[in-house]
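Here's the structure, in structure tokens; my notes come after.
Computed from the coordinates by the stated procedures, all read-outs in this text should not be read as laboratory data. If you're wondering where the values come from, they're calculated on a predicted model, not measured in any experiment. Don't worry about glycine lacking a Cβ; one is built from the backbone with ideal geometry, like all the others, and counts go over all protein chains shown.
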Amino acid sequence: MSAADIKNLTRSAQAGHIEAQHQLGMAYADANGVELNYSEAFNWLEKAASNNHPQSLRTLAWLYANGFGTEQNDDMAQACSIKLAELGDAKDQYFLASLYQSGVYGMQPDSKKMIYWYYQSAQQHYARAQYALAKIIMKGVDIESNDEMVFQWLSLANINGHKKADEELQKLMQRLPADQVETYKTRMTESIKASLQES
């Protein structure tokens, strides 16, 4: 980025343009046209994030988690991740669910919130969330095991391109009676048709 670009970007950012604030923050974070400066990056990204700019929120969560440009703060990293998920992006919802599952960013593991956010993401056809939900139901630890639900989520994850889903689906179908598999397929097809008619 040229000096003129930085000058124009700074002028726009100072005038309150959210995208300019984000771009300027990322320029400082990536040393793109300016010297690397995490404090300046944090300053501009925080302004954009306060207006719910998704990518600024993602980067801000990382800065808080690692203590770059600000004091390390797991609570703020969590807050950014929760706000992102609430904005509705499937990948952000999946990421938050994984935080509740693994405890990264100092997050307290919470099975109910984990399942809730995996479900929100899975409902948006995000294959990784669909697969994760199938595996959780399959284990039957955080939620009651249910072969039909596992079948449905693995099938959807497979349709949406998850590489391991087909392998798990084949194992499940080999374990189940053939007539049971056919029943699951029929119910799933009917459910999809019904949802398409409603929309």
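Computed values, structure above
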{"item": "Magnitude of the charge dipole, the stretch 125-186, Cβ model with Lys/Arg +1 and Asp/Glu -1, debye to 20", "result": "300 debye"}
{"item": "Relative contact order of the chain, pairs being alpha-carbon contacts under 8 Å that are 6 or more residues apart, as %", "result": "9 percent"}
{"item": "Relative contact order of the stretch 1-87, defined on C-alpha pairs under 8 angstrom at six or more residues apart (%)", "result": "20 percent"}
{"item": "DSSP-loop GluC sites (Glu not before Pro) across the stretch 126-190, with at most 12 other Cβ within 10 angstrom", "result": "GLU144"}
{"item": "Estimated 222 nm signal from helices in the chain, with DSSP H stretches of n ≥ 4 weighted -39500 (n - 2.57), rounded to 500", "result": "-24000 deg cm²/dmol"}
{"item": "Where a label projected 7 Å from the Cα of ASP147 along Cα→Cβ would reach, residues of the stretch 162-178 with amide N under 19 Å", "result": "166-178"}
{"item": "Cβ-placed point charges (K, R +1; D, E -1), dipole of the stretch 89-199 about Cα centre in debye, nearest 20", "result": "260 debye"}
{"item": "Along principal axes, Cα extents of the stretch 89-199, largest first, whole Å", "result": "46, 34, 24"}
{"item": "Extreme residue, positive dipole direction of the stretch 1-87, given options GLN55, LEU36, GLY67 (C-beta unit charges)", "result": "GLN55"}
{"item": "Cα-centre dipole for the chain with unit charges at Cβ (Lys and Arg positive, Asp and Glu negative), debye to 20", "result": "240 debye"}
{"item": "The stretch 89-199: relative contact order in percent, alpha carbon pairs under 8 Å with at least 6 residues between", "result": "17 percent"}
{"item": "The stretch 74-129-the stretch 1-38 distance, computed between alpha-carbon centres (Å)", "result": "30 Å"}
{"item": "All-pairs alpha carbon distance profile, the chain, 10 Å steps from 0, percent", "result": "9, 27, 25, 18, 13, 6, 1"}
{"item": "Degrees between helix 111-122 axis and first principal axis of the chain (Cα, 0 to 90, nearest 10)", "result": "90 degrees"}
{"item": "Filter on LYS113/LYS164; LYS47/LYS91; LYS91/LYS139; LYS7/LYS91; LYS112/LYS139; LYS47/LYS83 - keep pairs with C-alpha separation over 26 Å", "result": "LYS7/LYS91"}
{"item": "GLU182-LYS164 pseudo-label distance in nm [points 7 Å out on the Cα-to-Cβ vector]", "result": "3.2 nm"}
{"item": "Tilt relative to the chain, helix 54-66 - C-alpha long axis, 0 to 90 degrees, to 10", "result": "80 degrees"}
{"item": "Angle between the chain longest axis and helix 163-175 axis [Cα atoms, degrees, rounded to 10]", "result": "20 degrees"}
{"item": "Top of HIS125, HIS53, HIS17 by mean-square fluctuation, Gaussian network on the chain, Cα under 10 Å", "result": "HIS17"}
